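Structure, as structure tokens:
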Amino acid sequence: MRTTKTLGIVAAVGAAALMLSACSNGAGGSSEPAEPAAESTTTLRLALNQTEEHPSYIALANFGQRLSEATDGRYEIEVYANELLGAQAETLQFVSDGSVDLSVVSGTQLENLNPDFGVLNLPTVFSSIEHQMAVLSDETIVGELYASLEAQNTITVLGGLTQGERSVYTSRGPVQSPDDLAGQKLRVQESQLHIAMAEAMGAAATPLAFGELYGALQSGVVDAAENNAVSYLTQRHFEVAPHFTYTRHLIGTDFVIINSDRLAGMSDDDRAAFEKEWAATWAEHTDLWQTATDDAIEQATAGGATFYELESDAFAKALAPMVETFIQTDEQQALFAAIRASAE
Ligand code: GCU
């Protein structure tokens, strides 16, 4: 029921957005009254599944402001938060067909279009957020991967934003080992790799869209989830799953994607400004992340959550074989090796 309603809203918003685009886009703006010196503004619509308190919203909204200044108002970005334009699996499709210009999507979504992205979704691939951000901005490591969706999907990956360390939280109690998760349904993102991960951690995996999770935890459709402390707070999951154990089983990646034709349609100057401001955006996001994490832990604790340190390496041992299982081709092996080499 909820899904149908969401899709209805998405369709309506999508249609409205298309009409708006037709009016405000410089390329097709014949209905705009001609003003001698002023050029028309192209509003890029960006879909996000986080709240307006989340560092991704803050950094991306600032991106839009700087872009507008840098292009003398030729481009601006409107960030639609809270899954207003749809869940990530849908907005991925909308960016591909051009009805939405940009979206933040988790690496798990891109893994469904090109399994090589799965390498970046593995436990242990990144040693720290600093290492992760160095990799995500290193053209020699990720350049081919980022361009790999252009021909088939009309999607260009601009770069990444950290999801920080992800840990397990439950409605039932702290978890120290896979035995503690036995019989519990753990929500995962829609990815084969993360389904296998949850199973290796001892749980029954339940893939669900992010926006469905609060209700699923509240109603007992799932018992547990895994995410960073920031989303744990901003999605208010701590209210319905107050036991957060620092499993730190992986450092996740969000990718910012753009419709490739939209990017190619920019003038050289505007594109240079866009890329410069994007680089400032992920840097700002990385700076905001640690403080946001500390604040989230403090606020969730004040709201009744308890954070537990992990006292055994049972989860790490259970997850170790995943690297071998999921790295299947020479390209994936080379990507993994390059990422690991850059950590040293
Ligand atoms: C994080 C991430 C989102 C993702 C979410 C999830 O919050 O930033 O992009 O959708 O995890 O677990 O689905």
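Coordinate-derived values only; no laboratory data. Because the structure is predicted, anything quoted here is derived from the model rather than measured. Quick reminder, even Gly has a Cβ in these numbers, built from the backbone with ideal geometry, and neighbours come from all protein chains shown.
Table for the structure above
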{"item": "Antiparallel DSSP beta bridges within the chain, percent to nearest 5", "result": "60 percent"}
{"item": "Signed unit charges on C-beta, dipole axis of the range 33-176, positive-most listed residue GLY143, ASN49, ILE155", "result": "ASN49"}
{"item": "P(r) weight above 19 Å for the range 114-196, C-alpha pairs, percent", "result": "52 percent"}
{"item": "Cα→Cβ-extended label distance, 7 Å offset, between GLN65 and LEU113, nm", "result": "3.0 nm"}
{"item": "With Cα atoms, 0 to 90° folded angle of helix 268-302 axis to the chain main axis", "result": "30 degrees"}
{"item": "Karplus-derived HN-Hα couplings along the range 59-75 (A = 6.51, B = -1.76, C = 1.60, θ = phi - 60°), whole Hz, x at Gly and Pro", "result": "5, 6, 5, 5, 3, x, 5, 5, 5, 4, 5, 5, 10, 6, x, 6, 10"}
{"item": "Estimated inter-spin distance, ASP72 and ALA264, nm [label 7 Å along Cα→Cβ]", "result": "2.7 nm"}
{"item": "Length gained when the stretch ASP313-ALA343 is fully extended (0.36 nm per residue, less Cα-Cα span)", "result": "8.6 nm"}
{"item": "Gain on full stretching of the segment that runs from ALA204 to GLU275 - 0.36 nm per residue minus C-alpha separation", "result": "21.4 nm"}
{"item": "Segment ALA320-ARG172, extension gain: residue separation times 0.36 nm, minus the distance between their alpha carbons", "result": "50.7 nm"}
{"item": "Theoretical FRET efficiency, 1/(1+(r/R0)^6), r = Cβ-Cβ of THR124 and GLU52, R0 51 Å, to 0.05", "result": "0.95"}
{"item": "Folded to 0 to 90 degrees: helix 2-24 orientation relative to the chain principal axis, Cα", "result": "30 degrees"}
{"item": "Estimated FRET transfer efficiency when R0 is 51 angstrom, pair GLU39-VAL221 (beta carbons, to 0.05)", "result": "0.50"}
{"item": "Order of ASP287, ASP180, ASP101 under a 10 Å beta carbon neighbour criterion, fewest first", "result": "ASP287, ASP180, ASP101"}
{"item": "For peptides 45-56, 76-87, sequence by mean Cβ density within 10 Å, most packed first", "result": "45-56, 76-87"}
{"item": "Simple label model, 7 Å out from Cα along Cβ direction - GLU331 to ALA302, nm", "result": "4.8 nm"}
{"item": "Lys, Arg +1 and Asp, Glu -1 on Cβ, resulting dipole of the chain about Cα centre, debye, nearest 20", "result": "1020 debye"}
{"item": "The range 111-117 - phi-based ³J(HN,Hα) in whole Hz, Karplus 6.51/-1.76/1.60, Gly and Pro as x", "result": "4, 6, 9, 9, x, 4, 4"}
{"item": "Packing rank of 93-100, 306-313, 207-214, where each peptide gets the mean count of other beta carbons within 10 Å, highest leading", "result": "93-100, 207-214, 306-313"}
{"item": "Alpha carbon centroid spacing (whole Å) that separates the range 121-167 from the range 257-319", "result": "12 Å"}
